[in-house]
1. Rounded to the nearest 0.05, what FRET efficiency do W377 and E168 give with R0 = 51 Å and r taken as the Cβ-Cβ distance? Could you check?
2. From the cross-link list K222/K368; K178/K287; K55/K331; K17/K117; K47/K222; K47/K98, which pairs have alpha carbons spaced over 32 Å apart?
3. In what sequence, largest accessible area first, do M376, M73 appear using a 1.4 Å probe?
4. From a point 7 Å beyond the Cα of E360 in the direction of its Cβ, which residues of the stretch 377-408 have a backbone N at a distance under 18 Å?
5. How far is helix 356-370 tilted off the main Cα axis of the chain, in degrees rounded to 10, range 0 to 90?
6. Restricting attention to the stretch 323-407, which GluC sites (Glu not before Pro) occupy a DSSP loop and are surrounded by at most 12 other Cβ atoms within 10 Å?
7. Taking θ = phi - 60°, what integer Hz values does the Karplus form 6.51 cos²θ - 1.76 cosθ + 1.60 yield along the stretch 131-143, in sequence order, with x for Gly and Pro?
8. R212 to I430: extension gain in nm, 0.36 nm per residue of separation minus the Cα-Cα distance?
Amino acid sequence: MADKDKVSLEDIVSLCKRRGFIFQGSEVYGGLAGTWDYGPLGVTLKKNLMNLWWKTFVEDRDDMVGVDAAILMNPKTWQASGHVDTFTDPLVECSNCKGRFREDKIDTSKCPACGEKDSFGEARQFNLMFETIAGPVADDDSKVYIRPETAQGIFTNFKNVVDTLYPEVPFGIAQAGKAFRNEISPRDFVFRSREFEQMEIEYFINESDWERLFEQWRADIKAFLAEAGVNAEQVHELEVPADDLAHYSKRTIDYEFEYPHGKDELLGLAYRTDFDLGNIQRASGKKMEYRPKDGSPAFVPHVIEPSFGVERLVMAVLCSAYSEDEQNGEKRVYLKLPENIAPVKYCVSPLLKNKTELVEKAREVYTKLRENNSVMWDDNGNIGKRYRRQDEIGTPYCVVIDFDTLEDGTVTVRDRDTTEQKRVKIEDLI
Ligand code: ATP
């Protein structure tokens, strides 16, 4: 679709439900606010994006390693990091309808739920961390938090990684996994959820290198987003102004994407100095120093943190891919997903499902293609209907086996974006 403004949230939500990408969490019981379930196609799309991230930033680089830390962490983690005291949003309650909102997200002169004027009192700080109990006794000592970010699981393993792998600074540790935040008002589909996934990197550096490496990260992020299929024209780098920076950060860029609900944060890139390792050092009494191999003095590394949200990436990719055109006088919806991200790469079908020779040949092609690709078998309805279905889930190629195939060993390969059909030899396809 040429005009990106036309993609509405309803278009995306309804396509996701209709085609099995994303469903409301616990839908059968009426749902649970702020939770979403990935269906068969959504889970593959999400995994493709997460795998691309891992491959790009961990597997293909010499200066990066991964960890997978526990979600439940010693509560000291969240005291030292500042989350217990300051990981809060301002909460206001309407005196008329008792609706609760985030003060910084609404116009407080009028309640967005009931319309009552001047019904809000003073905001109170509401901590976003979920709490639970670890062990059979419910007292203050057994209270634990369900991690609100993956980053602390990286910082707390800094020393383990340094002591076991002796990496040279600069090096990074990456982690991808679930995070939980008790958002006051989950909204805009998966954009603001209470349970979501993050992909975070702490890149440990020498302080004197921060400006150069920050620029390198900007370039790396740009390249990754392009490969993931995020439309660069809809991404905007917002330099967080000095007054709004966290006290420990010297520079932060919020990467905003033009979502259907407006321009909003997709990911963040922050130079966090030695704030986090310094905090851990103080709170644990253990040195978080790095000892250079050339014998120069030990130091606590500084960090640059690229922090991606998976749900927001999935949404940005879907919005970038969502396209409409007209084919034979009819509106067509298709997802222009990159080949490596699309949940299905090839759809294979016999022209007619009641012709045994065609079905057998098609099965043969399907089995061969499946060895190295994600392939779907589809023999429902007529070919036109199959194409529409595959277009909507972003399948780049539909392969049809017809009577000519039996004669000359060629198949029809139909391109999702151009709808062009070509005859291709089976050997060349495989
Ligand atoms: P926001 O200001 O939108 O609440 P944030 O600045 O608190 O986000 P960070 O703490 O920097 O977010 O988290 C890093 C990334 O994690 C975000 O850029 C976003 O992609 C993702 N993220 C954070 N909160 C949520 C959420 N409630 N639902 C989905 N993704 C989230």
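The values are calculated or read from the model by the stated rules, or taken from the named source; none is laboratory data. What you see is a predicted model, and the numbers here were worked out from it, not measured in a lab. Neighbour counts run over all protein chains shown; Cβ positions are idealised from the backbone, glycine included. Only protein heavy atoms, including side chains, enter the accessible area calculation; ligands, DNA and RNA are left aside. Shrake-Rupley method; radii C 1.70, N 1.55, O 1.52, S 1.80 Å.
1. The pair W377/E168 has a calculated efficiency of 0.55.
2. K222/K368; K55/K331; K17/K117; K47/K98
3. M376, M73
4. 401-408
5. Result, in degrees: 30.
6. Within the stretch 323-407, the qualifying GluC sites (Glu not before Pro) (loop, at most 12 other Cβ atoms within 10 Å) are E371.
7. 10, 8, 10, 9, x, x, 9, 8, 9, 4, 6, 9, 6
8. 74.0 nm
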